[in-house]
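Working notes for the structure below.
The values are calculated or read from the model by the stated rules, or taken from the named source; none is laboratory data. Keep in mind that this is a model prediction, so the values were computed, not measured. Neighbour counts are summed over all protein chains in view; Cβ atoms, including those assigned to glycine, are modelled from backbone coordinates with ideal geometry.
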Amino acid sequence: MIPIEEPARASAPRGFALFNLAFRPFYLLAALFTSISVALWVAVLQGMPWGGYLSPVLWHQHEMLFGFGLAVVAGFLLTAGRVWTGLPTPAGLPLALLAVHWIAARILIYAGPASVAALVDGAFPFVVAAAMARVIVGSKNQRNYFVIALLGALGVANLAFHFGFWGLSLRAALWLVMALVIVMAGRVVPSFTANALPRAGVVIRPQLDRVALAVTLAAFAADLLELGAAALAPLAFAAAVLHVTRQWRWAPFATRGRPILWILHLSHAWIPAGLVLLGLASLGLVRAAAPLHAFGVGAIGGLIIGMITRTALGHTGRPLTTGRAELAAYVLVHLAAVLRVGASFSPGAGTVTLIAISGALWSAAFLIYFATYLPRLARPRLDGKPG
């Protein structure tokens, strides 16, 4: 189990706390950026002129992974790293400069020049990896050494993109983020469920988690190495069965009345769904976009909206309960996922229409998060604790 939040009773917060801990600026930046960037992507699909130096497709794919996704990863890990190790992670001016670094990368990826964009954007994952290495290695927190390696691998994938290996780098980045999602979901989803619903009968099987991860990584490797359907399809289908098996033991249906829990279970369910679609895509039975968006919008997007609400509530000393804003954001993200995956099955002009509606729902979800959590994350914790 990993403690990543510390709920406490409420009191009136005063002062400015945006740079007290990494989740504060990076969750807000990620939410605002993805709502704007996806809206821009949809507008381009509808015929709006494009002014970026990359093609709009490459820009969209890169920014969903290395812009939005990496911002959430940075905010989550730099916050969790302090809890895991007891050592300080960037705060105050260093954290503000890290946020400025990320913002500069977003501007440069759109406007160029390409060489400066590669330098600034390419450095960001390594800066985050160095900050995590300082606390994880410094505390000999061996359980989380993989985080440093994963951030480094994301950095290499990002550099590969800037050197023109677009397809390989984007695919590798998606699978790396999915690997992190699978590991962290295996830790937090059953733990949170068991803590909130002790009578639900949650069963945690670490060995099953390891086997599910290994088979899934093998499927991802088969995809990256283009080994073909004979290798990829059986691995993807086997991995899907393993993920369904492990989630079944987490008592997902016991969470029906708890949005802050069912959002995590519903989002995790997109992992086996995506694996089934990945196997079918390798056999030529569905478009390649279907599994990619099942993973990207459903699994990653769903777990992100679930975790950035939950951890923000906990780390600001608020009760772990959801209101209408959170519920709306949860529903909108999953509707966006259904429509975006559905667009892969839609003929002709219907595809663009479904993508546009999906993008609008996604943008609305994260705008709701930004508007709701901006005052919460800009102010100190309700309980007066640091963070």
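Any residue at all in the stretch 262-269 that's of a type in the set (S, T, N, Q) and more than 21 Å from residue 174 (Cα to Cα)? For the stretch 262-269, residues of a type in the set (S, T, N, Q) and more than 21 Å from residue 174 (Cα to Cα): absent.
Only one residue in 221, 254 is part of a helix (DSSP H, G or I), in contact with a Lys or Arg (Cβ under 9 Å, 6 or more places away or on another chain) and either at pLDDT below 95 or surrounded by fewer than 20 Cβ atoms within 10 Å (Cβ to Cβ) (or both). Which one?
On the way: 221 fails: in contact with a Lys or Arg (Cβ under 9 Å, 6 or more places away or on another chain).
Among 221, 254, only 254 is part of a helix (DSSP H, G or I), in contact with a Lys or Arg (Cβ under 9 Å, 6 or more places away or on another chain) and either at pLDDT below 95 or surrounded by fewer than 20 Cβ atoms within 10 Å (Cβ to Cβ) (or both).
Scan the stretch 352-387 residue by residue and report those that are among the hydroxyl-bearing types (Ser, Thr, Tyr) and either buried (at least 18 other Cβ atoms within 10 Å of the Cβ) or not in a helix (DSSP H, G or I) (or both). 358, 363, 369, 372, 373 - these are the residues of the stretch 352-387 that are among the hydroxyl-bearing types (Ser, Thr, Tyr) and either buried (at least 18 other Cβ atoms within 10 Å of the Cβ) or not in a helix (DSSP H, G or I) (or both).
For residue 148, the criteria (1) assigned to a helix (DSSP H, G or I); (2) of a type outside the set (Ser, Thr, Tyr); (3) in contact (Cβ under 8 Å) with a residue 24 or more places away in the chain hold in every case but one, which is (3).
Cβ separations smaller than 6 Å between residues 6+ apart or across chains give no pair from the stretch 104-116 residues that are assigned by TED's automatic domain parsing to the domain that holds residue 66 to residues that are modelled with pLDDT of 95 or more and exposed (fewer than 12 other Cβ atoms within 10 Å of the Cβ).
Residue 227 satisfies every condition listed in (1) in a helix (DSSP H, G or I); (2) farther than 21 Å from residue 254 by Cα except (1).
Scan the stretch 277-300 for residues that are closer than 16 Å to residue 60 by Cβ and either under 20 Å from the mean Cα position of the chain (by Cα) or not assigned by TED's automatic domain parsing to the domain that holds residue 342 (or both) and report the count.
Summing the residues that are closer than 16 Å to residue 60 by Cβ and either under 20 Å from the mean Cα position of the chain (by Cα) or not assigned by TED's automatic domain parsing to the domain that holds residue 342 (or both) in the stretch 277-300 gives 7.
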